[in-house]
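In what follows, a single structure is set out as structure tokens and then discussed.
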Amino acid sequence: MALTRTRIKVCGITRPEDAVAAADAGVDAIGLVFHRDSPRAVSPAQAALIARAVGPLVTVVALFVDAAEAAVQEVLAAAPVGLLQFHGAESAAACGRYHRPYLKALRMAPGLAVEAVAEGYDRASGILLDSFRPGVPGGTGEAFDWDRVPVALRSRLVLAGGLTPANVGDAIARVGPAAVDVSGGVEAAPGLKDATRIAAFVAAVRAADSKRQSGSKP
Ligand SMILES: O=C(O)c1ccccc1N[C@@H]1O[C@H](COP(=O)(O)O)[C@@H](O)[C@H]1O
């Protein structure tokens, strides 16, 4: 049985007030980036403050890019993380080391055998597909060719990469992911979310869900 409500994650939150805006808009998860080179990077102490602001029933996702085990453990000790997100070249064994639910991000490099690679992460709670730009691990603000998404992956797919309030409805109609993830598309500036854009993104997702449901009725 397929989900009728697309789950929403807003990633790259750096301020408690942005976490509150996302929660108030009705998102399912917020993402915190622990990658030093990102304009959205937060410290474990900031993460704890943001997680406290968002309350108990919004999932806090901690995003790492090929991080050392000690760095991941430091974050886990500091903040109530509900889900890990591995956005680098981490193996399935490395992702599973923390005995926590996790998303594995795959960047859509030319020629990537998406389905085969995703199969190697069968213990992941979801497979996140993001755009590929050489030398940039994520948060590019660029969309990839959605026709490359394997149908078989949809039920555990988190679609990411260049989503915005303007294109997310089309993305849902064409791909039918379990969840969508947005960062740059709801920002006023890198790392600074915009409450109006977050609300517009959520509204666009819900409109697409309604359209899908009415279209599937006999
Ligand atoms: O957001 C970042 O700065 C970032 C840094 C390193 C790895 C991943 C990052 N963000 C993730 O990138 C995708 C797409 O972001 P966007 O919507 O295209 O800006 C998303 O999954 C973020 O979680």
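The values are calculated or read from the model by the stated rules, or taken from the named source; none is laboratory data. Just so it is clear, the model here is predicted, and its values are computed rather than measured. Here the Cβ positions follow ideal geometry from the backbone for every residue, glycine too, while neighbour counts run over all protein chains shown.
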Worksheet item: Taking segment 26-55, which residues are surrounded by fewer than 21 Cβ atoms within 10 Å (Cβ to Cβ) and either of a type in the set (Val, Ile, Thr) or within 16 Å of the ligand (Cβ to nearest atom) (or both)?
Response: 28, 35, 36, 37, 39, 41, 43, 46
Response to the item:
Quick count over segment 147-170, residues being buried (at least 17 other Cβ atoms within 10 Å of the Cβ), away from the ligand (no atom under 11 Å from the Cβ) and not basic (Lys, Arg), is 5
Worksheet, complete the sentence: Filtering segment 47-74 down to residues that are more than 19 Å from the chain's Cα centre (by Cα) and among the polar types (S, T, N, Q) yields 73
Worksheet item: So which pairs qualify, if the first residue must be in segment 124-139 and under 14 Å from residue 38 (Cα atoms), the second must be in a strand (DSSP E or B), the Cβ gap must be under 8 Å, and the two must be at least 6 apart or on different chains?
Response: 137/107; 138/63; 138/105; 138/107; 138/130; 139/33
Fill in: Sole exception among (1) in contact (Cβ under 8 Å) with a residue 12 or more places away in the chain; (2) more than 18 Å from residue 6 (Cα to Cα); (3) more than 10 Å from the ligand (Cβ to nearest atom) for residue 189, by number
(1)
Worksheet item: Taking residue 77, is it more than 20 Å from residue 157 (Cα to Cα) and among the small types (Gly, Ala, Ser)?
Response: yes
Item to complete: Taking residue 137 as meeting all but one of (1) modelled with pLDDT of 95 or more; (2) within 14 Å of the ligand (Cβ to nearest atom), write down the number of the exception.
Response: (1)
Worksheet item: Would a scan of segment 180-200 turn up a residue that is in contact with a Pro (Cβ under 9 Å, 6 or more places away or on another chain) and at pLDDT below 95?
Response: yes
